[in-house]
Amino acid sequence: MQKWFFRIFYFLVSLSLLAPLIIFKSLQYPYVDSQAFFLRIFIELAFPFYVYLILQNTSLRPNLKKPLNIALLVFLLINIISAFHGVNPHRSLWGNFERMTSVYFLGHLTLLSFYIQLLGQAGFIYVKRLMIILVGVATFVSLNGLSGWLHGPTLILDSTLTDRVSSSLGNPIFFASYLVIPIFLTMYLGLNAKKKWQKVLYLFFVIIQLVGVYASVSRGVMIGLIVGTFAGIVLFI
């Protein structure tokens, strides 16, 4: 039973990473609402399986003494308290359809973080597969945006062409920000790939994603990438 629960849990978490590909044009803000609802739905569906797994297997339970876990929970708690003391508690707690950011959404992201920790404790291979899925989706989203930018075919209409690229995210800044983590994960996978063709493929993916950031004309994200890369090199040395 536990084995099947784990497989279903892993499948649901994997599906949540496909959110950037989902757009329902019938919604008021299709580029934002579609992906936010999709992500929330699969995180919520995975929750009962997560609870079952941590109750049945002590080795899968999160370590609440770790500084990062403490920081996540404290950050969520501070946001909850701030929401109730804000100008509009209802908007702070639940957000709106235009942005879909709120304490409620932050709670989903916190859960996703603990989900990934559980998979890492079950075996690094599961996290690595999630990384590959995320990198694949990010590269596809980048290719879709760049194709439209170059007046080529697009599978998902980009509402911001041709001045800036946003692909399926509907906002150039959202698009560029989304690519930041996949860029570094792609570099990591490329550096740790065993076969030469895999290294070349991941290098190609990195270039595509970097060009996507450039085409989005999001200067803040570009500066963040440069500073983050420099800091990473210094720490590595």
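The values are calculated or read from the model by the stated rules, or taken from the named source; none is laboratory data. Treat the numbers as computed from the prediction; the structure is a model and nothing was measured. Counting neighbours? That spans all protein chains shown, and the Cβs are built from the backbone with ideal geometry, glycine included. Protein only, heavy atoms only, side chains kept; ligands, DNA and RNA dropped before computing areas. Shrake-Rupley method; radii C 1.70, N 1.55, O 1.52, S 1.80 Å.
Listed values, structure above:
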read-out: Lysine pairs with alpha-carbon atoms under 25 Å apart, the chain, spacing 8 or more or separate chains; value: 7
read-out: Inter-probe distance in nm under a simple model that places probes 7 Å from Cα toward Cβ, at Leu155 and Phe204; value: 1.6 nm
read-out: Vicinal HN-Hα couplings computed from phi for the range 127-135 (Karplus, 6.51 cos²θ - 1.76 cosθ + 1.60; Hz; Gly/Pro x); value: 5, 4, 5, 4, 4, 5, 4, 4, 5
read-out: Under the Karplus curve 6.51 cos²θ - 1.76 cosθ + 1.60, θ = phi - 60°, whole-Hz ³J(HN,Hα) for the range 74-85, x wherever Gly or Pro sits; value: 5, 4, 5, 5, 4, 5, 5, 4, 4, 4, 6, 9
read-out: Cα gyration tensor shape of the range 95-237, rounded if a/c is under 1.5, else prolate or oblate by comparing a/b with b/c; value: oblate
read-out: Within the range 1-93: Cβ-based charge dipole about Cα centre, in debye rounded to nearest 20 (Lys, Arg +1; Asp, Glu -1); value: 240 debye
read-out: Accessible area per residue in Å² at 1.4 Å probe, computed on the range 18-62; value: 54 Å²
read-out: Residue-normalised accessible area of the range 88-187, given per residue in Å² at a 1.4 Å probe; value: 47 Å²
read-out: Charge dipole magnitude, Cβ of K and R +1, D and E -1 - the chain, Cα centre, debye nearest 20; value: 800 debye
read-out: Of Asn171, Ser159, Phe37, farthest towards positive along the dipole that unit charges on Lys, Arg, Asp, Glu beta carbons give the chain; value: Phe37
read-out: Accessible-area composition of the chain, carbon plus sulfur, in percent [1.4 Å probe]; value: 72 percent
read-out: Whole-Hz couplings from phi, Karplus 6.51/-1.76/1.60, listed for the range 104-109; x for Gly and Pro; value: 4, 5, 4, x, 5, 5
read-out: Segments 179-188, 108-117, 192-201, 148-157 sorted - mean Cβ within 10 Å per residue, highest first; value: 179-188, 108-117, 148-157, 192-201
